Every structure is written in structure tokens, then in C-alpha cells.
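The values are calculated or read from the model by the stated rules, or taken from the named source; none is laboratory data. Here the structure is a predicted model, which is why all the values come from computation and not from measurement. Positions of Cβ are backbone-derived with ideal geometry, glycine not excepted, and every protein chain shown enters the neighbour counts. Please note that ligands, DNA and RNA were not included when accessible areas were found on the heavy atoms of the full protein model with its side chains. Shrake-Rupley method; radii C 1.70, N 1.55, O 1.52, S 1.80 Å.
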Amino acid sequence: MKAKIALLSVLSIALLTACNPKPEAPPQAQATSEAVMPEAVLSLDGENQALDLSLPECDANNCPEIDIERLNSNQPYIDAWIDAEILKLMQQILSIAPNSELEQKIASQAQLAASQASPASEVKAPELTAKTTLEQQLQPYVGSFLYLDQELKDLSANHQISVMVKPRILNNQAPLATVVLNSSSYLGGAHGSSSQQYANFDLESKQLISLKDIVLPKQQAALEKVAYAVFKQWVLEAKLAENIRDYEQAWKFHLSDNFYLSQQGLILQYAEYEIGPYVVGLPKLVINYEDLNGILKPEYLPAPKAAMQNP
């Protein structure tokens, strides 16, 4: 009898255990099992777009050449800034004042040529994008360019005139995203012309940054002193003059707001004839970062290299 009671007790415990399974172990904290996602880094990424400026067909040796590209990136406000600078550059190169008599004459000639090419009913307006908008805005300058080419040919001048404008991303992340706008032109004179314009952007604030924005308060004079020392060294090493005072009678030094934070240091870029004769091209002064401690804001200086540990 006792054996039967014991057997019934064992069976009861087994049934209860089967009906009430063990509770699952508490899940591990997700923080320890899931990888921490890194914070997204703002960057400037894009490529150039070649503009279609509808030059007439030409197979001669002295055909005019115009090659203009715009930036198409993930930061539309930078693209818009570059587009505006391209228009300014073309106005400087081809010297057309907005709404001038020449611009109106060129525009009317373009409209006449378009109306003669096909009936108005067959003309389909292009989709307005940033690219097509810039192409339309550049047409008066293209017309002036072709007008100049025809004038030179009428004078029997065997010149091949050309204009080139192209942007390029130099740095795409913090502390500053930098785009350089390169241009060159030859319009039939004694020699051509070129330029390099740097544009530096804070991607967080979406602001164009000037040189004074990266300098510590009350350190502008210190920066000018360091830059002037580099200027004097450049003049003497290039053998432009034996005496810096004599040189500055013609080419006075000043700080340029056209700058770029390169790996070598702070680059101050100058235009043709700005601090030297045509023969020196586009002068640039490179100031080592070691000389800029206490002058530039720390966030614009390269991070100090980690000290080497003894084995």
C-alpha cells in the first residue's frame, strides 16, 4: 500500500512539472549584445556635370573652345553657391554687364536663331533643373564669346580663344569642406589668364567660412606677421628682388581671404598680379601649422600626433 502511495506521488509531481515549465531566463541586456551605431558624419560628396552650351559645329584648327562644369553634390546650397560664382567668373572674363546693350543684342540673336530652327509649336521647353537653369543663364556669355571669336576672324587674327571653368572637391569633411573653382581663359591677347578660388564651408551650420572666422580673437595681427615672414622668404627664394622694400614698391603684401587648410599648412592663395608680376603665376603662401598655434582656433589645427610609447 505504501509503495502505491509513493508511486502516485511521483506521478503527480511529474505531471505538475510538465504542465508548468520553467520560466525563461531573462533576456540579456540589449546594450551588451547590439553594436553601438556610430554617429553619422557629415560630408560633401558629388561629381561634376558638364554643361551643354550649344556651340556651333566647327572643324577648323582655330575653333573656339568653352568647357564649363558645375558641381552636383549632396549639399545643394554649396552647388548653388558654386553656380553663382561661375556666373560671376564668366562676367569678369567676358566683361558683359547685366542688361547691357551687348547682352540684349546677343539674346535677341539667340532667340531669332531658335525661332528659325523649328516652329514654335515643335519647341519643347527643357525641364528646369539647376543644371539647365545655369545653362540658360550662361547663354549671353556664350554669345559674347562667339561674338568675340567672329570679330577676331574678321580681323584675320588666327587665334583659338578658349574658356574653362571647373570646380573640384578638395576636402569633404570637418573641420571644413573645401571646393576649389579653377578657371582659365585665352581671348586673343598677349597671354591667357587663370584663377583658383577656394570656398570653405562648415557643414554643420551650412555657412561659408572666411579667414577671420578661423582666427582667434585679437590674433589677426599675429597672423599677418607670420604670413609676412613667409612672403619675404618667398620673394627672396624666388629671386624676385634683392631687397624686400624695393619689391614692395610695386607689389605690396596683404593677407588674402582666399585660403585653404591643406595637409602642409594654411595656404593663402593670390591672384595674378596681386603680389607679383605675371611670371609668378598664381602665388600661394604656405604657413606651417606649428607657426599657427595660438593664432588659429584649435578646431582648425590638426590633432596632435600621439606620443610614441617606450617598448
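Which length gain, in nm to one decimal place, applies between GLU272 and ASN288 when the Cα-Cα distance is subtracted from 0.36 nm times their residue separation?
Contour length minus the Cα-Cα distance gives 3.4 nm.
Any chance you could run the full-extension gain for GLU204 through GLU47? It's 0.36 nm times the residue separation minus the Cα-Cα distance, nm to one decimal.
Between GLU204 and GLU47, full extension yields an extra 54.4 nm.
Hand me the trypsin sites (Lys or Arg not before Pro) from segment 185-218 located in a DSSP loop with no more than 12 other Cβ atoms within 10 Å, in residue order please.
Counting only loop positions with at most 12 other Cβ atoms within 10 Å, the trypsin sites (Lys or Arg not before Pro) in segment 185-218 are LYS206, LYS218.
With the crude spin-label approximation of a point 7 Å out along Cα→Cβ, what separation in nm comes out for LEU128 versus LYS225?
Result: 5.5 nm between the two label points.
Sum up the charges of everything whose Cβ sits under 15 Å from the Cβ of ASP59, counting Lys and Arg as +1 and Asp and Glu as -1, but leave ASP59 out.
Taking every other residue near ASP59 into account, the sum is -2.
Sorting SER194, SER262 by accessible area (1.4 Å probe), largest first, what list results?
SER194, SER262
Assuming R0 = 41 Å, what is the FRET efficiency of ALA80 and ALA241, from their Cβ-Cβ distance, to the nearest 0.05?
0.45
Give, to the nearest whole percent, the P(r) tail of segment 209-311 beyond 23 angstrom, counting all Cα pairs.
Counting pairs separated by more than 23 Å, the tail of P(r) holds 33 percent.
Counting Lys +1, Arg +1, Asp -1, Glu -1, what net charge surrounds ILE169 among other residues with beta carbon under 10 Å of its beta carbon?
Cβ neighbours under 10 Å give a net charge of -1.
Just flag the GluC sites (Glu not before Pro) in segment 196-255 sitting in loop per DSSP whose Cβ has no more than 12 other Cβ atoms within 10 Å.
GLU204, GLU242
Could you tell me which of rounded, prolate or oblate describes segment 147-287, using a ≥ b ≥ c as the square roots of the eigenvalues of the alpha-carbon gyration tensor, with rounded for a/c under 1.5 and, failing that, prolate when a/b is larger than b/c and oblate otherwise?
oblate
What ³J(HN,Hα) values, in whole Hz, does the Karplus curve 6.51 cos²θ - 1.76 cosθ + 1.60 give for segment 241-249 when θ = phi - 60°, with x put for Gly and Pro?
6, 8, 10, 5, 5, 5, 4, 6, 5
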